[in-house]
1. May I ask you to verify whether Arg200 is in a helix (DSSP H, G or I) and not aliphatic (A, V, I, L, M)?
2. Search the stretch 276-304 for residues being touching a strand residue (DSSP E or B) at 6+ places or on another chain (Cβ under 6 Å) and buried (at least 19 other Cβ atoms within 10 Å of the Cβ), and hand back the single one that is nearest to Arg127 (Cα to Cα).
3. Just to check your reading of the model, which residue among Arg147, Arg157, Arg187 is of a type in the set (D, E, K, R) and either within 20 Å of Val273 (Cβ to Cβ) or not in a loop (DSSP other than H, G, I, E, B) (or both)?
4. Check every one of the helices (runs of 4 or more DSSP H) wholly within the stretch 312-399 and list those with 1 or more residues that are among the charged types (D, E, K, R).
5. Can you report the number of residues in the stretch 212-248 which are among the basic types (Lys, Arg) and farther than 25 Å from Arg147 by Cβ?
6. From the list Gly261, Gly266, exactly one residue is at positive phi and of a type outside the set (Ser, Thr, Tyr). Which is it?
7. Please note which strands (runs of 3 or more DSSP E) are completely contained in the stretch 226-280 and include at least 3 residues that are of a type outside the set (Ser, Thr, Tyr).
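Any read-out appearing in this document is the output of simple, stated calculations on the displayed coordinates, not a laboratory observation. Treat the numbers as computed from the prediction; the structure is a model and nothing was measured. Using ideal geometry, Cβ is built from the backbone for each residue, glycine included, and neighbour counts are taken over all protein chains shown.
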Amino acid sequence: MRTSARVVLSLSASRSFDRGCLRGIARFLRIHGPWDIVQCEPPQLASEATAAAAAIGTQRLGVIGAVRQTDLTYPLSGGHLRPIIIDVGGEFCNRPRGQPLPSDVAVVVDIDPAAVAHAAANHFLERHFAHFAFCGRADSEQSEQCRDAFARYLGARNHAVAVFGKLDGAGVEDVAALVSWLKTLPRPLAVLACDDARGRQVIQACARADIAVPEEVSVLGIGDEPLICELSHPTLSSVRPDARAIGFRAATVLAEMMQGGPAPVGPLLVPPVGVVTRHSTELAAIEDPVVARAMHVIRAEAVHGLNVEELLQHLTVSRATLERRFTKALGHSPKDEILRLRLDRAGELLRETDYNLAQIATLCGFKTAAHLSVTFKAKFGVSPGHYRSSQANAQPTAD
């Protein structure tokens, strides 16, 4: 009977990216047969790998995980053959340009920073932005590669990119520096952040600077970590890595090397799935400052019963001027936009809560449940109750 290869998977179930990698590895194993798996959180890699190596004697050990430099300071193989280590999303994916891999790490498999930058640039260009910026990390090679690719791609289309790369941490002083930087930039502005945490910081800095997102500044992160993106306000759009493809590719390479094949030359880079659009980039560039201000008020107050007369109290133009400029910029009236946001919110509450229709009507700015029901059916062709039932019966999708 054939002996299964012993492989340590050092990937965290708490990270969306790592879970995606694990699903990709699982797909590989369904096709090609099982491994003897030891799964651990990244901080336990050294101890788990040492124990696994000791248990299998002279058999070669494989490792796939987010590997850190400190993991290599331990005798991972317990004195036997050194393990074959595939780094996915760990420190060696982010090593300085030109620095060779340690002899212990066979190869890195990671998201392609140039493909990420191109996807982000096209996302903004489709929304007709003309002013661009990049917010990165001072200590990150991936950030620098993405920044350079973003600038090259847009530069070839005659657009300059303002760069802010001083952030090393996530403290209050970083947000304060961002506020000062953002105030100097022209608007409407499209900002690509090197990861979702930086994207959330940009949104926080905009709020401090009284800059409306997405009406004045559109913000896009990288990584699509749901908890970071959904806890941002507004919610953060992000470039989603193809974590399943990364996991599958890593498993393929490891299997080949454990059978005596050579290590690939250079990193293996996988393009992203695409951009997951949330509120922070849902609007096209709005050049008209009156319309941008109106949209900011509408987004904040539509579900609280805002009407056009109340909207005008926040502006310095007449109703006729607002209607004309709003329709020219967005193709519909302020009243239509208020109603659209209320109904979108109603649909979200029908999908995600068990609130009754009266509660939902109150939370969405409708005076009565009957008013909500009639308006909802006129817009979507089904009653709120039928919509909720259809959504409850839909198959959920895994992240």
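1. Yes, satisfied.
2. Per the criteria, the residue is Thr281.
3. The unique qualifying residue is Arg147.
4. Ranges flagged: 319-330, 334-352, 369-380, 384-393.
5. Residues meeting the conditions: 1.
6. Gly266
7. Answer list for the stretch 226-280: 268-270, 274-276.
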